[in-house]
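Chemist: If you scroll down you'll find the structure; I have some questions about it.
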Amino acid sequence: MPNPLIVAITGASGAIYGLRALELLRAAEVETHLILTATARDILEHETGWTASAVEALATVSYAPEAVGAPVASGSFGTRGMLVAPCSIKTLSAVANAYAEDLVGRAADVCLKEGRPVVLMVRETPLHKGHLKLMLEAAEAGAIIFPPVPAFYGKPQTIDDIVTATVGRALARLGIETGAYFRWTGEG
């Protein structure tokens, strides 16, 4: 199996993005290391009807956010990077400020210091100046700011189409091709 991908689901609306990422990654046979925050556990069940244990079962390995001694907390543990889907403003702030209080912040910081991609699907709107500043700081540290903004040139028919295409595009940005989104080939 290729190097694993760290997936974090944090406490913002849009837990379906992390859930769908795990489903697509499992279908693509990508090893996943999941960090599910306490708030994300509540949001998952409320927004999707999925239990935390069912979502954790989709991952190859799952860690509690307080497990700062987990393998993904060390640069010597090779990964292909990290996807935070959705990324709360709290997590964005941790990444922007190299604040490694929990495993999500530590794993992101490790990926950035090792030059590995960290894709942040920041889920908040509207954005105030402080949010925008944090996005800039995180980007300057090397993170990829990837708000889950849908594309419509693929003519999605359902919310599921929109979610799947958005996650497929985020995974493609990490170098993982799932075929889950429409590639623009030009007007013809």
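The values are calculated or read from the model by the stated rules, or taken from the named source; none is laboratory data. Because the structure is a prediction, the values reported are computed rather than measured. Ideal geometry is used to build each Cβ from the backbone, glycine not excepted, and the neighbour counts take in all protein chains shown.
Chemist: Considering only residues that are under 19 Å from ALA107 (Cβ atoms) and either buried (at least 17 other Cβ atoms within 10 Å of the Cβ) or among the β-branched types (Val, Ile, Thr) (or both), look in the stretch 168-188 and name the one that is farthest from the chain's Cα centre (by Cα).
Modeler: Looking only at the stretch 168-188, we keep the residues that are under 19 Å from ALA107 (Cβ atoms), and these are 170-171, 173-176.
Narrowing the set further to residues that are either buried (at least 17 other Cβ atoms within 10 Å of the Cβ) or among the β-branched types (Val, Ile, Thr) (or both) leaves 170-171, 174, 176.
On the way: ALA170: 8, LEU171: 9, LEU174: 10, ILE176: 13 Å.
Ranking the qualifying residues of the stretch 168-188, first place goes to ILE176.
Chemist: Here's a follow-up. Can you pull out every residue in the stretch 135-153 that is assigned to a helix (DSSP H, G or I) and under 17 Å from the mean Cα position of the chain (by Cα)? So that I can check it myself, show each step before the final result.
Modeler: Narrowing the stretch 135-153 to residues assigned to a helix (DSSP H, G or I): 135-140.
MET135, ALA138, ALA139, listed by residue number.
Chemist: Still on this structure: Among the residues of the stretch 152-167, what is the count of those that are loosely packed, with under 13 Cβ neighbours inside 10 Å and either in contact with an Asp or Glu (Cβ under 7 Å, 6 or more places away or on another chain) or within 20 Å of CYS87 (Cα to Cα) (or both)? Even if it seems obvious, please write down each step before you answer.
Modeler: Start the filter on the stretch 152-167 by keeping residues that are loosely packed, with under 13 Cβ neighbours inside 10 Å, which leaves 152-153, 155, 157-160.
With either in contact with an Asp or Glu (Cβ under 7 Å, 6 or more places away or on another chain) or within 20 Å of CYS87 (Cα to Cα) (or both) added as a condition, the list becomes 159-160.
Going through the stretch 152-167 one residue at a time, the tally reaches 2.
Chemist: Here's a check for you: in the stretch 16-60, which residue that is hydroxyl-bearing (Ser, Thr, Tyr) and touching a Leu at 6+ places or on another chain (Cβ under 7 Å) is nearest to ARG106 (Cα to Cα)?
Modeler: Pass one, the stretch 16-60, residues hydroxyl-bearing (Ser, Thr, Tyr): 17, 32, 37, 39, 48, 51, 53, 60.
Pick out the ones that are also touching a Leu at 6+ places or on another chain (Cβ under 7 Å) and you get 32, 48.
Details: THR32: 17, THR48: 27 Å.
Top of the filtered list is THR32.
Chemist: Here is a further query. Quick one: is PRO156 outside any helix (DSSP H, G or I) and in contact (Cβ under 8 Å) with a residue 24 or more places away in the chain? So that I can check it myself, show each step before the final result.
Modeler: On the way: outside any helix (DSSP H, G or I): yes; in contact (Cβ under 8 Å) with a residue 24 or more places away in the chain: no.
So PRO156 does not fit the description; no.
Chemist: Which numbered condition in (1) in contact with a helix residue (DSSP H, G or I) (Cβ under 8 Å, 6 or more places away or on another chain); (2) touching a residue at least 40 places away in the same chain (Cβ under 8 Å); (3) under 21 Å from LYS113 (Cβ atoms) is the only one that THR37 fails?
Modeler: (3)
Chemist: Also, I was wondering about something else. Among the residues of the stretch 112-151, what is the count of those that are among the basic types (Lys, Arg) and either modelled with pLDDT under 95 or buried (at least 17 other Cβ atoms within 10 Å of the Cβ) (or both)? Working first, answer last.
Modeler: From the stretch 112-151, those among the basic types (Lys, Arg) are 113, 116, 123, 129, 133; that's our starting set.
So of that shortlist, the ones also either modelled with pLDDT under 95 or buried (at least 17 other Cβ atoms within 10 Å of the Cβ) (or both) come out as 116, 123.
The number of residues fulfilling the criteria is 2.
Chemist: Please specify each residue of the stretch 85-106 satisfying the condition of being under 15 Å from the mean Cα position of the chain (by Cα) and under 20 Å from LEU22 (Cβ atoms).
Modeler: ALA85, PRO86, CYS87, SER88, THR91, LEU103, VAL104, listed by residue number.
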